[in-house]
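Data block below; observations after.
The values are calculated or read from the model by the stated rules, or taken from the named source; none is laboratory data. Everything numeric here is computed off the predicted structure, so don't read it as measured data. Here Cβ is always computed from backbone atoms with ideal geometry, including for glycine, and neighbour counts include all displayed protein chains. Heavy atoms of the whole protein, side chains included, go into the accessibility calculation; ligands, DNA and RNA do not. Shrake-Rupley method; radii C 1.70, N 1.55, O 1.52, S 1.80 Å.
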Amino acid sequence: MEKLGLIFLAIFAGMSNGFQAPVNAALGKFTGVFESSCISFTVGALSLLVISLVVGQGSILRIGEAPPNLWIGGLLGGFFVTTALFVVPKIGAAVMIASVITGQMTAALIIDHVGLLGIPKNPVDLYRIGGLVCLGVGIKLLAK
């Protein structure tokens, strides 16, 4: 897939993420916060299990070869989904997503700067800090 196609795929993924929290929050009104997260992850896990069995090229059975610290992704996802569906009704979808993007960018800057998990090092500079400050200003504007 070309770079432009990958960018549009990432934009679509971001849009789906923007809808995920309000949908889960609406479900949470019927089921509860943690229950809604559980339902979301169960539906997602079952969907991905079917997809991986049909079109996957790897092997789920090789999970034992991966270091246990790499299994934390599920915990991080659970924390994100639960937090998002808890805060959306209180601060709104736009402020939540802007805050999430700011948090993601902060983490990405740290990961790039340190070269964590084999990512090529890309040092933090004033431009990157400026971008992060702009995101913070965006949150403030959206929260007004």
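Computed quantities for the displayed model
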{"item": "Any hit, the range 37-46, residues being touching a helix residue (DSSP H, G or I) at 6+ places or on another chain (Cβ under 6 Å) and not basic (Lys, Arg)", "result": "yes"}
{"item": "Subset of the range 87-99 (residues that are within 19 Å of the chain's Cα centre (by Cα) and open to solvent by 30 Å² or more (accessible area, probe 1.4 Å))", "result": "VAL87, PRO89, ILE91, ALA93, ALA94, ILE97, SER99"}
{"item": "In the range 33-51, residue surrounded by the fewest Cβ atoms within 10 Å (Cβ to Cβ) [restricted to those that are over 14 Å from GLY74 (Cβ atoms) and either in contact with a His (Cβ under 8 Å, 6 or more places away or on another chain) or in contact (Cβ under 8 Å) with a residue 24 or more places away in the chain (or both)]", "result": "PHE34"}
{"item": "Options GLY18, GLY77, GLY73, GLY44: the member that is within 21 Å of GLY138 (Cα to Cα) and under 17 Å from the mean Cα position of the chain (by Cα)", "result": "GLY18"}
{"item": "Residue in the range 47-73 that is nearest to SER16 (Cα to Cα), counting only those that are among the small types (Gly, Ala, Ser) and touching a helix residue (DSSP H, G or I) at 6+ places or on another chain (Cβ under 8 Å)", "result": "SER52"}
{"item": "Those residues of the range 52-72 which are open to solvent by less than 90 Å² (accessible area, probe 1.4 Å) and either at pLDDT below 90 or over 22 Å from VAL87 (Cβ atoms) (or both), in sequence order", "result": "SER52, GLY56, GLY58, SER59, ILE63, GLY64, ALA66, PRO67"}
{"item": "Count of residues meeting criterion [under 25 Å from PHE34 (Cβ atoms) and surrounded by 14 or more Cβ atoms within 10 Å (Cβ to Cβ)] in the range 105-126", "result": "0"}
{"item": "Some residue of the range 88-102 being within 25 Å of GLU35 (Cα to Cα), touching a helix residue (DSSP H, G or I) at 6+ places or on another chain (Cβ under 9 Å), not aliphatic (A, V, I, L, M) and not in a helix (DSSP H, G or I)", "result": "yes"}
{"item": "Only one of ILE119, ILE110, ILE97 that is among the aliphatic types (A, V, I, L, M) and more than 29 Å from PHE86 (Cα to Cα)", "result": "ILE119"}
{"item": "Test: residue in the range 55-77 that is assigned to a helix (DSSP H, G or I), touching a Lys or Arg at 6+ places or on another chain (Cβ under 9 Å) and of a type in the set (A, V, I, L, M)", "result": "no"}
